[in-house]
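The values are calculated or read from the model by the stated rules, or taken from the named source; none is laboratory data. Just so it is clear, the model here is predicted, and its values are computed rather than measured. In this analysis, Cβ positions are derived from the backbone assuming ideal geometry, glycine residues included, and neighbour counts consider all displayed protein chains. When the accessible area is computed, the model is the full protein with side chains, heavy atoms only, and any ligands, DNA or RNA have been set aside. Shrake-Rupley method; radii C 1.70, N 1.55, O 1.52, S 1.80 Å.
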Amino acid sequence: MTAGTDSVVGPGPRTATGRLVEDTVLGLRIGAMRAGGMALALRGDRVARLLHRPWRLDPYPVYAELRAAQLAGGPVRSRTGLTAVATHASVEAVLRDRQLGVRLSDGASRLGDGDGPSLMEPVDLSLLTLDPPDHTRLRRLAQPAFAPRRLAHYREVAERVTAELLDGALARGGPFDLVAELASPLPIKVISALLDVPDVDAGRFARWGLALGSSLDGVRSPAHVRELTRATAGMRALFGELLEQRRVHPGEDVISTLAAAVDGGTATADEVLAMAQLLLVAGFETTTNLIGNAVQAMHRAPDEWSALVADPGLAAAAVEETLRYDPPVQLTARFAHSDVEVDGRPLRRDSGVLVLLASANRDPAVHPDPDRFDLHREQAAAHLAFSGGVHYCLGAPLARLEGEVALRLLAERAPRLRPAGAPVPRVATVLRGPLHLPVTA
Ligand code: HEM
């Protein structure tokens, strides 16, 4: 979940022929990359399988194979060039190891190879693309947004918005899509409150969030590149205006803090824009998936749903168990800053490690009977769904709060909630969760 600075967005003026040539070259590169990955997957490369259907629809058996292989002979080295860490101990160790970072050893973005647009990570996502000391400086700027006093305000927002959304969906009667009616609009409203984005812009904001979130798996097509370009340009225009406004009339929101940082010389305008993009991407679909995955897990384990209905105070436990059992962010990546050893396997400087957070969460060495969803699980808090080390999710308290509010109010107001059709899964590798989840109350 890292991005490069050699962004595909923000291109200069181009002719129609120039664009056609660029599109063709880009289309060929994407096609070649996909075909190469699929060929490896078909030949049994487990890491490549995580990127392709049918395996990525249910990656948990692949994770189990990777864990077993790692126990037998060290972390699996894939023909994709990546080495995968899959056990809880090794995932945690890699995340905490300061010899591994999100950039290459010389501080360059790993995507800065100069051979055209970045295909894997096309949008600059601020903190997620930076190692210390830049990372430390910018993380400090965003931190006040998650202070306890601000969280109390977001709780009020989350409770009011969830109640309104559920009232609307339940009052209409009949089946509804839990993602469209609750899991998706709730985090967008909360991030809008965090950034103090005016209501009139909320719809556009949500569309940009979807577009930028889709960039986490890399670029799908030239049309996808154009969609990302439009989203980034739209965000740049809106945040440019908001920064100017907050300079004159500062509030308590993150944009006011960021505007002061630009004025005080501790951040550049580009860094601030990337931060706003990050907050939108990091806080939107992740939380949507948390709510969707929780409800889906309890549809498959109806006794656990009954337990939650009987005691809605278990909502926080349901959030933790969902984060362990089916985490919204499945994996991330790191690069060796020197020659290192990872769980006994030597890694050359600048080689990449695929860090399988979701696999760590199903490691039986830490979570007995890991494939069972259990609201009363004791070790559930030791999951790695929010990563670890310096990039530990800044929004974790907010995500927990939103998930807890959503599940508690659902259990209280819709105790008979049950499936009303087949869920439609998101086709992605990094983010996991239903795109549509038909339910009836
Ligand atoms: C269930 C919901 C969420 C999950 C599963 C999640 C997961 C993650 C993970 C795994 C990372 C680290 C990636 C890495 O190590 O490479 C991360 C980082 C981050 N998350 Fe979250 N996140 C969630 C919600 C949120 C929310 C609601 C916000 C804020 C609005 C947020 C803001 C951030 C930020 C700013 C970072 C970057 C931290 C850094 O690099 O220092 N996240 N998140």
Cut-off of 10 Å, at most 15 other beta carbons, DSSP loop: longest stretch of the chain lacking such GluC sites (Glu not before Pro): 1-251
Calculated from backbone phi, Karplus (6.51, -1.76, 1.60) coupling profile of segment 35-43 in Hz, x at Gly/Pro: 5, x, x, 5, 4, 5, 4, 5, 7
Dipole-positive endmost among Gly203, Ser109, Ala261 within segment 16-440 (Cβ charges, Cα centre): Ser109
Heavy-atom accessible surface of the chain: percent carbon and sulfur, 1.4 Å: 56
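Please state, rounded to one decimal and in Å, the Kirkwood hydrodynamic radius that segment 30-110 gives when every pair of distinct Cα atoms enters the mean of 1/r.
Working: mean 1/r = 0.0716 Å⁻¹.
So the Kirkwood estimate lands at 14.0 Å.
Just the number: Rg to Rh for segment 393-441, Cα atoms, Kirkwood Rh, two decimals.
My calculation of the ratio gives 1.05.
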Residue-count net charge about Ser256 - beta-carbon cut-off 14 Å; Lys, Arg +1, Asp, Glu -1: -3
Long-range HN-HN contacts of Gly352 with modeled amide H, under 5 Å: Thr83
Estimated D of segment 299-441 in µm² per second, where Rh is the Kirkwood radius over Cα pairs and Stokes-Einstein applies at 37 °C, 0.692 mPa s: 193
Shape category assigned to segment 296-373 from the gyration tensor of Cα positions, a/c cut at 1.5: prolate
Rounded D (µm²/s) - segment 347-420, Kirkwood Rh over Cα pairs, Stokes-Einstein at 4 °C, 1.567 mPa s: 84
Zone of Ala163's modelled label, taken as backbone nitrogen in segment 396-427 under 16 Å from a point 7 Å along Cα→Cβ: 405-414
Exposed trypsin sites (Lys or Arg not before Pro) absent - longest run of the chain, DSSP non-H/G/I/E/B, at most 10 other C-beta within 10 Å: 99-347
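Where Lys and Arg each count +1 and Asp and Glu each count -1, what net charge lies around Arg46 among other residues with Cβ under 12 Å from its Cβ?
Details: positive: Arg43, Arg49, Arg56, Arg67, Arg77, Arg79; negative: Asp45, Glu65.
Result for the local shell: +4.
For Arg230 and Arg98 in the same chain, what is the full-extension length gain: residue separation times 0.36 nm, less their Cα-Cα distance, in nm? Mind dumping the intermediate values first?
Details: separation 132, 0.36 × 132 = 47.52 nm, distance 3.61 nm.
Gain on extension, Arg230 to Arg98, equals 43.9 nm.
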Computed label-point distance, nm, for sites Arg220 and Arg77 using a 7 Å Cα→Cβ extension: 3.5
Amide proton proximity set for Leu347, modelled H, under 5 Å, gap of 5+: Val340, Glu341, Val342
Rg/Rg_ref, the chain, where Rg_ref = 2.2 N^0.38 Å and atoms are Cα: 0.97
Karplus-derived 3J(HN,Hα), 6.51/-1.76/1.60, for each residue of segment 147-162, Hz, glycine and proline x: 5, x, 5, 5, 4, 4, 5, 5, 4, 4, 4, 4, 5, 5, 5, 4
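As a check on your grasp of the helix formula, calculate [θ] at 222 nm for the chain: sum -39500 (n - 2.57) over DSSP H runs of n ≥ 4, divide by the residue count, round to the nearest 500.
Details: 16 runs with 222 residues, N = 441.
Dividing the helical sum by the residues of the chain leaves -16000 deg cm²/dmol.
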In nm, spacing of pseudo-spin labels at Val424 and Ala32 (7 Å Cα→C-beta vector): 3.4
Per DSSP, loop chymotrypsin sites (Phe, Trp or Tyr not before Pro) in segment 351-417 with at most 16 further Cβ within 10 Å: Tyr392
For Leu435, distant residues with modelled amide H under 5 Å away: Val424, Arg426
The chain - charge dipole about Cα centre, Lys and Arg +1 at Cβ, Asp and Glu -1, debye rounded to 20: 860
